[in-house]
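Worksheet: one structure, shown below.
Nothing in this text is a laboratory measurement; each read-out follows from the coordinates by a stated rule. This is a predicted model, so every value here is computed, not measured. Here Cβ is always computed from backbone atoms with ideal geometry, including for glycine, and neighbour counts include all displayed protein chains.
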Amino acid sequence: MTSTATGISAVRNRALVRTKRSRGRRGGSHVLVHIVLGLGGLLMAFPFIWQIIMSLSTNAEVQSVVPTFWPAQLQWQNYAAVFDRLPFLSQLGTSVLVTTIRTLAQIILCTMAGYAFARMRFFGRTVLLAIVLSILLVPSQVYLISQYQIVQSFGWLNTLMGIVAPGLFSAFGTFLMRTAFLNMPAELEEAARIDGASPLQTFWSIMLPLARPSISVLAITTVLWSWNELLWPLVVSTYANAMPLSAGLATLASDVTVNYPVLMAASLMAMAPVLIMFIALQRRVIDGLASSGLK
Amino acid sequence: MTIKLSPSRSVPSIAAPGTRSRRGGAAARRDGIWPWVFVLPLLAGVGLFYIWPILQTAYFSFTTWGVFGGATWSGLNNYLRLLADPQLYTALANTLIYTGIVLLGVPLAVWLASLINTPGLRFASFYRVLFFLPYVAMPTAVALVWRIIFNGDFGILNHALSIFGIRGPFWISTPGFALVAVAVVGLWSSLGFAMIILGAGLKNIPPELYEASELDGASRARQFRSVTVPLLTPSIFFVLIITIISSFQLFDLLYALLGSKNPVMPKTMSLVFYFYSQGFVSNDKGYAAAIAMFIFLLIGIVTVWQFRLQRRWVNND
């Protein structure tokens, strides 16, 4: 008996050793994986690296037929020129305000509505939810023209309100927050209710803290979308001074009088806030976007 | 193995049997005005800025707009004009070509995602950041760099090609090449996102399957083909849907990379760009509304078609 048992365990051990060894072999062949991913990563990062180099070159160096891989002298004044020659500061201010207002509004409005749709009972709940979620199926072009008409009739063209307004409300955010609240245990709420907490208190001090992970996903997606969005701000703002950075840069691109290095410095500074946020919160951003699936 | 589109898994059981009556009628009455306090601000905004505009656009698509504004009913006119409009077909073809090129990134993303998720790989999170960087970067800002890279006279791309004896074209100002250039940037910026979604799917594959196939002597290429790809089909399907829908919305990159006044635009524009130029440059809002409805219909058809087709190849055990 014992001999067969040891026999079996010996076979198992050998099998284990074999897997371990092949693991080891796998570890060794990581070199190839690193080469592929390293080259791929370099290709991904190259435009950013090139942008940094170009932003520190002279216009002549950018346009030389034999590329200048490193400027003879670093032209830091290109960054200062951005503020002199372009309405960069006012556009940056618009971008910051628009993104902040939209993100805060979406967090408040979508969290509240998501909570009501998930946890409260009221007349027409299912139908209203279906109507809100149906927006997710419709491409944005379908509501753009009419949104423009509305903003125009309010006299909001070329104003901050005009850029901000439709983006204060989000069907996606409502969907995201409703899902978050649906997955929470009902007992907590029951307990709060028995203790005599009002719905607002229950929501504020019990449910909201529990929803923090989903709220951060909502905040990240909203910041990304709002900062980078082009079509809507382009449509509702015609003056360069009223535009956020995304639209400002896009219209600038058609302007031949601005030289390349200054343009590079401007575009680098325009995307810096979001890139810094991403690098600082990388795990959260990546996991958040992967779990939400959609922007 | 079902695809996780969202964190929602199951609807929680409403309540224990004993508490049922309390959560029923009485609770409903007790909620009273509160649900409306919570839901009305959002409903008002969504109604005004989304639901009403959707209905209004549907109406606009049956109207003609005068030079000084004001819409008059013109029945199916816009749609008939649309069907006979060569520019629509050019825009449609461009959108499809663009989508096709960007879709080439999906198999690439499957491969790269499986590499980046190699167990015990060092620097994996560093690689992940590199590949994801283009996705979070502002499209209009990166487009400006790509313009310089693609420049026909002094662009680094043509310089690199010249090393191999190839005379590169003027990418941004030659009709066919301009679209390819836009699509290359589109692929570059969406690759990382596909990799992340696929990476989440890879984590759901039980490691025992790899161990078992390894004991059976399967090579890594064989494992990739027989374990990874089949078990990843739900995520691949999801990535395909997202890529197609977002590629159909091509606008930002096209606008910023080529410039709105670029002479190649008529031959290179996408459906959304055509919508934009009709609605907000030519101010033909009725016609633009019809284009918007066309895009809506197109995305709807393609999505339904994808879900039909999905049953044949997606592994939904």
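Quick check on the exposure proxy: order B:Val136, B:Val129 from fewest to most C-beta atoms within 10 angstrom. Mind dumping the intermediate values first?
Details: B:Val136 25, B:Val129 21.
By the 10 Å Cβ count, ascending, the order reads B:Val129, B:Val136.
How big is the Cα convex hull of the range B:168-231 in projection, averaged over all directions, in nm²? The partial results should precede the final answer.
On the way: hull surface 25.2 nm².
Result: a mean projected hull area of 6.3 nm².
Would you please give the residues with an amide H less than 5 Å from that of B:Ala71, counting only those at least 5 places away or on a separate chain, with H modeled from the backbone geometry?
Amide H neighbours of B:Ala71, under 5 Å, 5+ apart: none.
Based on the Cβ-Cβ distance from A:Leu39 to B:Leu309, what FRET efficiency comes out when R0 is 41 Å, to the nearest 0.05?
Working: r = 34 Å, r/R0 = 0.83.
Working from the Cβ atoms, E equals 0.75.
What is the log10 of I(q)/I(0) for the range A:196-273, computed with the Debye formula using one identical point scatterer on each Cα and no solvent, at q = 0.14, 0.19 Å⁻¹?
-0.63, -0.85
Would you work out the charge dipole size for the range A:83-292 about its Cα centre, treating the Cβ of every Lys and Arg as +1 and the Cβ of every Asp and Glu as -1, and quote it to the nearest 20 debye? Please report the intermediate quantities before stating the final value.
On the way: 10 positive and 8 negative charges, 48 e Å.
With Lys and Arg at +1 and Asp and Glu at -1, about 240 debye.
In which sequence would B:Trp36, B:Trp188 go, from the one with the fewest C-beta neighbours within 10 Å to the one with the most?
On the way: B:Trp36 15, B:Trp188 21.
Least to most surrounded, the residues fall as B:Trp36, B:Trp188.
Hey, what does the equivalent ellipsoid look like for the range B:61-220, semi-axes from the Cα gyration tensor as sqrt of 5 times each eigenvalue, largest first, whole Å?
Numbers: eigenvalues 351, 133, 49 Å².
Largest first, the range B:61-220 gives 42, 26, 16 Å.
Cut-off is 10 Å between beta-carbons; in what order do A:Tyr148, A:Tyr239 appear when sorted fewest neighbours first?
Working: A:Tyr148 20, A:Tyr239 10.
Sorted ascending by nearby Cβ count, the order is A:Tyr239, A:Tyr148.
Provide the net charge surrounding B:Thr140, with neighbours chosen by a C-beta distance below 10 Å and charges set as Lys +1, Arg +1, Asp -1, Glu -1.
Around B:Thr140, the surrounding residues sum to -2.
Among A:Leu137, A:Leu43, A:Thr238, which residue has its Cα furthest toward the positive end of the charge dipole of chain A, with +1 on Lys/Arg Cβ and -1 on Asp/Glu Cβ?
A:Leu43
Please say if chain B is rounded, prolate or oblate, where rounded means a/c under 1.5 for a ≥ b ≥ c the square roots of the C-alpha gyration tensor eigenvalues, and otherwise the choice is prolate for a/b larger than b/c and oblate otherwise?
Working: a/c = 2.14, a/b = 1.04, b/c = 2.07.
It is oblate, given that a/c is not under 1.5 and a/b is not larger than b/c.
Output the Cα-based Rg and Dmax of the protein assembly as shown in Å, rounding Rg to one decimal and Dmax to a whole number.
So, for the protein assembly as shown, Rg and Dmax equal 27.0, 99 Å respectively.
Using 1/(1 + (r/R0)^6) with R0 = 30 angstrom and r between the beta carbons of A:Ala186 and B:Arg122, what's the FRET efficiency to the nearest 0.05? Could the numbers behind the result be given before it?
Working: r = 44 Å, r/R0 = 1.48.
Efficiency, rounded to the nearest 0.05: 0.10.
For the range A:80-133, count all C-alpha to C-alpha pairs, find those more than 16 Å apart, and express that count as a whole percent of the total. Numbers along the way, then the final one.
Numbers: 874 of 1431 pairs.
When every Cα pair of the range A:80-133 is considered, 61 percent fall beyond 16 Å.
Binning every alpha carbon pair distance of chain A at 5 Å from zero, what are the percents per bin?
1, 5, 8, 10, 11, 11, 10, 9, 8, 7, 6, 5, 3, 2, 1, 1, 1, 0, 0
Between B:Leu83, B:Ser213, B:Tyr255, whose Cα lies farthest towards the positive end of the dipole of the protein assembly as shown when Lys and Arg beta carbons carry +1 and Asp and Glu beta carbons carry -1, centred on the Cα centre?
B:Ser213
What nm distance separates the two modelled labels at B:Leu108 and A:Ala240, each placed 7 Å from Cα along Cα→Cβ?
3.5
Distance in nm between label sites at A:Ser64 and A:Ile279, each 7 Å beyond Cα in the beta-carbon direction?
2.7
Label-point separation (nm) for B:Leu48 and B:Val281, each offset 7 Å from Cα along Cα-to-Cβ?
Here the modelled spin labels are 3.2 nm apart.
Using alpha-carbon positions, what is the distance between the centroids of the range A:200-224 and the range B:267-317, in Å?
If you average the Cα positions of each part, the centres end up 33 Å apart.
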